[in-house]
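To start, the structure itself, in structure tokens.
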Amino acid sequence: FVKACFANQILEGIYFYSGFTYIYTLARSGKMLGSAQMIRFIQRDEVTHLVLFQNIINTLRRERADLFTEELLEEVYDMFRKAVELEVAWGQYITQGQILGLTNEIVEQYIKHLADNRLTAVGMKPLYNVSNPIKWVDDFSKFNDQKTNFFEGTVTNYSKGSLSFDDF
């Protein structure tokens, strides 16, 4: 079960992010704005699921520390390494080094940065120790800053809430 939680954390927090960044980079240049808005909605769901799995992992670490063996942790690090490898390869494939402001090196560093973020969010040590090379993506992708639904032109802001597993 614990390994599945980490796998979901990878699915929701690493996979697809180079594709998101690709669309955001185009939108930042005034291209594909509707697509970027759709990606924001998709990413909002991904982040919601990511936080859920991070909370589950953190709760399990607190309440069942015995499950987090050295063997499990090494397996988790291997899962993250493989996920980064796959997502970097995908990101570099879809951009082909032809998207202004999104080089192969930036794609790689960004995905490694995400992996480090995901690991530290659950109390693990980072693998890559790299900074975010495209910090503007974080601001650009915020869904609560978007004023309209791309189909209807109506307000779609959601207020942020939180769920603590300590409340149960």
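The values are calculated or read from the model by the stated rules, or taken from the named source; none is laboratory data. Given the structure is predicted, the values throughout are model-derived calculations rather than measurements. As a convention, Cβ positions derive from the backbone with ideal geometry for all residues, glycine included, and neighbour counts pool all protein chains shown.
Check 84, 47 and return the single one that is free of Cβ contacts under 8 Å to residues at least 40 places away in the same chain and either closer than 14 Å to residue 14 by Cα or β-branched (Val, Ile, Thr) (or both). Let's see the steps before the verdict.
Working: 84 fails: free of Cβ contacts under 8 Å to residues at least 40 places away in the same chain.
Answer to the check: 47.
The lone criterion from (1) more than 14 Å from residue 17 (Cβ to Cβ); (2) modelled with pLDDT under 95; (3) outside any helix (DSSP H, G or I) left unmet by residue 133 is number (1). Criterion first (part of a helix (DSSP H, G or I) and in contact (Cβ under 8 Å) with a residue 40 or more places away in the chain) does residue 60 satisfy it? Against the criterion (part of a helix (DSSP H, G or I) and in contact (Cβ under 8 Å) with a residue 40 or more places away in the chain), residue 60 qualifies. Output yes when any residue across the stretch 106-117 is within 19 Å of residue 40 (Cα to Cα), over 12 Å from the mean Cα position of the chain (by Cα), touching a residue at least 24 places away in the same chain (Cβ under 8 Å) and outside any loop (DSSP other than H, G, I, E, B), and no when none is. Yes, because at least one residue in the stretch 106-117 is within 19 Å of residue 40 (Cα to Cα), over 12 Å from the mean Cα position of the chain (by Cα), touching a residue at least 24 places away in the same chain (Cβ under 8 Å) and outside any loop (DSSP other than H, G, I, E, B). The residues in the stretch 2-20 that are outside any helix (DSSP H, G or I), of a type outside the set (Ser, Thr, Tyr) and at pLDDT 90 or above can be counted, and the count is 1. For the stretch 44-51, the criterion of being charged (D, E, K, R), out of contact with any Phe, Trp or Tyr (no Cβ under 7 Å at 6 or more places or on another chain) and at pLDDT 90 or above is met by none of the residues.
Does residue 23 count as at pLDDT 90 or above, part of a helix (DSSP H, G or I) and surrounded by 14 or more Cβ atoms within 10 Å (Cβ to Cβ)?
Working: at pLDDT 90 or above: no; part of a helix (DSSP H, G or I): yes; surrounded by 14 or more Cβ atoms within 10 Å (Cβ to Cβ): yes.
For residue 23, the condition - at pLDDT 90 or above, part of a helix (DSSP H, G or I) and surrounded by 14 or more Cβ atoms within 10 Å (Cβ to Cβ) - is not met.
Against the criterion of being in contact with a Lys or Arg (Cβ under 8 Å, 6 or more places away or on another chain) and either at pLDDT below 90 or crowded, with 16+ Cβ neighbours inside 10 Å (or both), residue 97 does not qualify. The single condition from (1) of a type in the set (A, V, I, L, M, F, W, C); (2) within 23 Å of residue 104 (Cβ to Cβ); (3) in contact with a helix residue (DSSP H, G or I) (Cβ under 6 Å, 6 or more places away or on another chain) that residue 33 fails is (2).
Could you please let me know if residue 72 is surrounded by fewer than 17 Cβ atoms within 10 Å (Cβ to Cβ), part of a helix (DSSP H, G or I) and touching a Lys or Arg at 6+ places or on another chain (Cβ under 9 Å)? Spell out how you get there, then give the answer.
Numbers: surrounded by fewer than 17 Cβ atoms within 10 Å (Cβ to Cβ): yes; part of a helix (DSSP H, G or I): yes; touching a Lys or Arg at 6+ places or on another chain (Cβ under 9 Å): yes.
Yes: the conditions hold for residue 72.
Does residue 150 satisfy the criteria of being in contact with a Gly (Cβ under 6 Å, 6 or more places away or on another chain) and either modelled with pLDDT under 95 or of a type in the set (Asp, Glu) (or both)? The answer is yes for residue 150. Within the stretch 32-46, does at least one residue satisfy the condition of being under 22 Å from residue 126 (Cα atoms) and in a helix (DSSP H, G or I)? Yes: one or more hits.
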